[in-house]
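Below is one structure, written out as structure tokens, with a few remarks after it.
Read-outs: derived from the displayed coordinates by stated rules, not from any lab. Computed from a predicted model, the values in this text were never measured in an experiment. For neighbour counting, all protein chains shown are included, and Cβ atoms are generated from backbone atoms with ideal geometry for every residue, glycine included.
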Amino acid sequence: MKDTPYSDCDFMKEAIEEAKKAEEIGEVPIGAVIVKDNKVIASAYNLRESEQRSVAHAELLAIDEACKVTGSWRLTGCTLYVTLEPCAMCSGAIVLSRVERVVYGASDPKGGCAGTLMNLLDDERFNHQAEISRGVMEEECGSMLSSFFRTLREKRKEEKRRKKETFDTSSDEML
Ligand SMILES: [Zn+2]
């Protein structure tokens, strides 16, 4: 056990480790952990492609696990660490499960609902608000995503090029 208290960075590193597991299986690298009393009680990574489930986001899977572990749908006193800003669905689940605090790494300009497109976590019309800390290890979280998409684009380009080559040679043979 560490003597000094764990910091947000320590737990974000664990979320990043989860994200790496996603990347290893070809998923968009997003990872999440849920911490209670300075201990990780649930961890998960994005599994949308592998499971072909639109709801298999890291945060939702982690929330589900945390509810099982604690035996309660109320995640009072829990902090959720996630490498990318939560989407509308996950932000909704965070509010509904009463997660106390959310710490995220990179912002999501295309889907972020914890402050970027809107802020579902801090809307007083709901009966629960979560405290938010943004930009924790943002650089690491963001670059993991951008390099994943860069590699994906290169792969697709290469595939297209190869397909074209096969097509060209087969049409040559036909002449
Ligand atoms: Zn989500």
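Some notes on this structure:
- Potential lengthening of the chain between Val69 and Arg125 amounts to 17.2 nm, from the contour at 0.36 nm per residue minus the alpha-carbon distance.
- Note: relative contact order over segment 30-70, using C-alpha pairs below 8 Å and six or more positions apart, is 39 percent.
- Considering only the Cα atoms of segment 116-175, their convex hull presents on average a projected area of 7.2 nm².
- With all pairs of different C-alpha atoms in the average, the Kirkwood value for the hydrodynamic radius of the chain is 17.2 Å.
- Here the extension length gained between Asp37 and Glu49 equals 1.0 nm, from 0.36 nm per residue of separation less the Cα-Cα distance.
- For segment 13-27, the Karplus equation 6.51 cos²θ - 1.76 cosθ + 1.60, evaluated at θ = phi - 60°, returns couplings of 4, 5, 5, 5, 4, 4, 4, 5, 5, 5, 4, 4, 9, x, 8 Hz by residue, with Gly and Pro reported as x.
- In the chain, Cα pairs under 8 Å separated by at least six residues give a relative contact order of 17 percent.
- Sequence of Leu152, Leu75 once ranked by neighbouring C-beta atoms within 10 Å, starting from the fewest: Leu152, Leu75
- Across the alpha-carbon atoms of segment 96-137, the computed radius of gyration and Dmax are 10.3, 31 angstrom.
- Look at Leu47, Leu117 and count the other Cβ atoms within 10 Å of each Cβ; fewest to most, that gives Leu117, Leu47.
- Spacing of the modelled spin labels on Leu152 and Phe167, each 7 Å from Cα toward Cβ, amounts to 2.3 nm.
- Low-density loop cleavage sites - chymotrypsin sites (Phe, Trp or Tyr not before Pro) in segment 107-175, where at most 15 other Cβ are within 10 Å (DSSP): Phe126
- Taking other C-beta atoms within 10 angstrom as a stand-in for reagent exposure, Cys78, Cys113, Cys9 fall in the order Cys9, Cys113, Cys78, fewest first.
- Rounded to 10°, Cα long-axis angle of helix 138-174 versus longest principal axis of the chain: 20 degrees
- With contacts taken as Cα pairs under 8 Å at a separation of at least 6 residues, segment 1-82 carries a relative contact order of 28 percent.
- Cα-derived Rg over Rh, computed across segment 56-105 with Rh taken as Kirkwood radius: 0.92
- Over 26 Å apart at the Cα level, from the set Lys13/Lys157; Lys13/Lys36; Lys21/Lys110; Lys20/Lys68; Lys39/Lys110; Lys110/Lys157, are Lys13/Lys157; Lys39/Lys110.
- Sites matching trypsin sites (Lys or Arg not before Pro) across segment 1-80 that sit in DSSP coil, with at most 14 neighbouring C-beta atoms within 10 Å: Lys2, Arg53, Arg74
- Net charge contributed by nearby residues that have their C-beta within less than 13 Å of Asn119 (K/R +1, D/E -1): -4
- Loop-resident chymotrypsin sites (Phe, Trp or Tyr not before Pro) (DSSP state other than H, G, I, E or B) in segment 1-92 with no more than 16 further Cβ atoms inside 10 Å of their Cβ: Tyr6, Trp73.
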